[in-house]
Structure formats: structure tokens, C-alpha cells
1. Please report the base-10 log of the normalised intensity I(q)/I(0) for the stretch 107-209, using a Debye sum with one equal scatterer per alpha carbon and no solvent, at each q in 0.10, 0.11, 0.19 (1/Å).
2. Listed here are the pairs 4/207; 4/191; 2/205; 4/71; 10/71; which of them are more than 31 Å apart at the Cα?
3. For helix 14-33, report the angle its Cα long axis makes with the longest principal axis of the Cα atoms of the chain; keep it between 0 and 90° and round to the nearest 10°.
4. At what distance in angstrom do the alpha carbon centres of the stretch 211-285 and the stretch 142-178 lie from each other?
5. Excluding residue 125 itself, what net charge comes from residues whose Cβ is under 11 Å from its Cβ, given Lys and Arg +1 and Asp and Glu -1?
6. Fewest first, what order do 9, 265, 328, 121 take by the number of other Cβ atoms within 10 Å?
7. Please list, or write none, the aspartates and glutamates whose alpha carbon is within less than 15 Å of the alpha carbon of residue 368, excluding same-chain residues fewer than 8 places away.
8. Based only on other Cβ atoms within 10 Å, what is the fewest-to-most ordering of 230, 110?
Amino acid sequence: MKFKTANGFKDILPDEAARWQQLEQVARDIFRRFGLREIRLPLLEPTELFARSIGEATDIVEKEMYSFADKGLTLRPEATASIARAYVEHGLHVQQPVQRLFTIGPMFRHERPQKGRLRQFHQIDVEIIGASEAAADAELMAMAQMLLNELGLHVSLEINSIGCPQCRPAFRSCLVEYLQERAASLCEDCKRRSSTNPLRVLDCKSKGCKETVQDAPSILDSLCSDCDAHFTAVRRGLDELGVTYQLNRFMVRGLDYYVRTTFEFTTTNLGAQSAVAAGGRYDGLIEELGGPKNTPGIGFGMGMERLILLMEQQEQDSKAAFVRADLFAAALGEQAAIFAVPLVHNLRRLGFYAAIEHGSRSLKAQMKQADRVKARFTLIIGEQELERQEAVLRNMDSQEQSTFSLQGPTTELAERLAKLIEE
């Protein structure tokens, strides 16, 4: 009986994994420059953590979580709540007032699978906890843009403010009244949301709903003085950092913990799934989860599957994504293999990617394997080469060949090969 992956889940095969490694390497380098530290979190969390932080009336909690009802546990649908839980549980604020953290890993949501959206998906998640200044908002968005730029991706930044618990209720009342008057033109989900989570209606992708909210009141017209001043400072900070952005007054977040600044990096190259990164400020979440009062926070998540799709579409250098072997040892015969194996091992100890075939395959077959691993050099060793103590070293790019002396201990031979490879 043959088995296949479950619907909405996907294997990442070795050739694909090379591009994922490239993405992670660039991300980790950017985060190092900005002083972020990695945190690694469990996949399972208490179900109540997500219900309390994300919100009971959100689509995630209502319909999309993979939960074990008898255990009270849920596979994490996002990372911010988990990081906030760890921040509170381990008293990270005592160690350092401002925590700059990131995590990389899988998340789980029961959604209809489509291009760029799977039921097990992967995110790069970044959080700055303890900084309330608008400069932190601008810095975070500038960092995300720098990461996307260094990946060679061209996306657009959209920003908005969704106010705070002081100014949002008045806007919510105006919006609910507006939506109730136009309920007939809303989709079934938005008819329900219009009373439980009306801000989500503004973000609905249904054509009818998008047309209905075109003239809806804007939260930007209802901001309190503090929120208005904060958003003005955020925009000024982005201008000072040279970050281009657009205002999107209909942008909201699907999670209840967000306040003030919200943002998305979007593309037109992925169909309906236009957002490749999204985030915002969550100044009340830490306190809601039992942490210190008035602890601010801001963060974002990047969908790695969508970034990989964009990297492929925009024709990133495939050689950069595929790790080339520095040397392939083509050993012809038992004695040649006995000689070549420790030589390859010593090259690996010196930090090189060295490959060898285990088995008595022909030279033609082994040269094909050298091509498959994109070897820069191939060292050909047969019985005659062992007798002469001279192997053939072929440059696979230029196809030039030279002799390589096999005299001396294996460690010395490996060091000599290393120097040739580095030239």
C-alpha cells in the first residue's frame, strides 16, 4: 500500500530545501545585524492561550485550529501568542527590558489549501517586546523590507492604524451601523462578523463585500490624540529611513490583540494570497496573559512558502540555491575506494563538501553523479592511478585536467587539495 501526504501538507525535497536554507541564512544574517535573538518554541500550546490572545470570535479560533479537545492542547496557528507566553513564563523582562526575538518554524491552520497557503505552513516571526516608541515600528518595517530586498523580491508596504481600546469603540459603533444598513450585500461570513468582529469585514476578499465597504467610515478619522500622534511619528520614521509605503485605510488584523500600527508587505504575483508578511502592534497582549502591566510589543510574521514561490518566480540564481560539491572522488575499483574514502573524510574535516559513490560503478556513471552534485572538481582514482601514485584532477567548469600526486599521508593530500579548491 502506498501512502501520500495529507491534503494541505507538503514534503520539502532536497533540491527545494536548498532554497529554504538560502532564505533562512539571509534572514538570520539580517536579524544578527539588528540584534535579534532566536527563541525556539513547542508546537503544542494550551488551547486557551490562543482563544484568549487571538480572540474567540476570530476565524482562526472558530474554524481553523487543530485542537485536541480531550487534552486541552492546540497545534500553534501563529507564533506571537507563544512568544508572549514564553516572555511571561520565564520573566524575560527581568533579564532585559526590551526583548528582540525571532523564531522560524511550522504553524498549523485548517484552511482550504491553495497556492501559497497550506495547512502546515512555515513562518519567520519577529517580535520586539518592551518598546513603545514609534521608532521601533519604523525600524521593524525597515528591517522586513531590507530582508525582502536582499532576497531580490519586489513587494509593496501598506500601513494603517487601527486605534486602541480608547478610540476603537466609537469607530466600531459607526462601522456596525454602516454594515447593518448594508447587510443584504454582505457574504454570509461577514453578516456574522458585522456584529461579532466588524473590523474583519473591511478585510474580506469577497467582491460584494469589497464594494460595500468602499465608503465605510475610516478608523483614521476616529483616532484619539495619542494614537494619531503615534501614527504620525511612525510615518515620519519610515520617511527618515527611506522606506516607501502606502496608506490602506481598510487594512485590519484578524487577531484581537492588535492595536495601533498594522502593516502588510504585498505582491501581485501570488493570486489571491497577496500578503507575504504582515504584523502590527499588540500593546495589551502581555498584560492579558498575566505579564507586567503596560508592556508594549510589535512584530510580524513572514510566510516562507510564499517567499519561496516569489524567489522561484523572480528567477533567483539556481546555483546560489543549490550547494555545489567542492570535490567528487571517482574511485574505480575496491583498492581505489579504500584509498579515496579517508581522503574524502579529511576534506570534510577541513570544512569542504566532498562526495563519493560507494559501489563499483563505471567512470561514466560516476561522472554523471559528479554532474548531479554540481562538483567543482572531480578526482579520478583507478588501479593505474594508484600504481603511478598520480590521480587525474578535472576542473568541471573548464574541463581542464591535471595530474595530482598521491604521494604522502591522506591528511597531507587533503590539505593540498583544499588549497587547489580555494584558488
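Bear in mind that the values in this text are calculations on the coordinates, not laboratory data. Keep in mind the model is a prediction, meaning the values are calculated, not measured. Counting neighbours? That spans all protein chains shown, and the Cβs are built from the backbone with ideal geometry, glycine included.
1. Each listed q maps to, in turn, -0.48, -0.58, -1.17.
2. Distance filter (> 31 Å) returns 4/207; 4/191; 2/205.
3. 60 degrees
4. 1 Å
5. That works out to -2.
6. Fewest-to-most ranking of 9, 265, 328, 121: 9, 121, 265, 328.
7. Filter leaves 357, 397.
8. If I rank by nearby Cβ atoms, fewest first, I get 110, 230.
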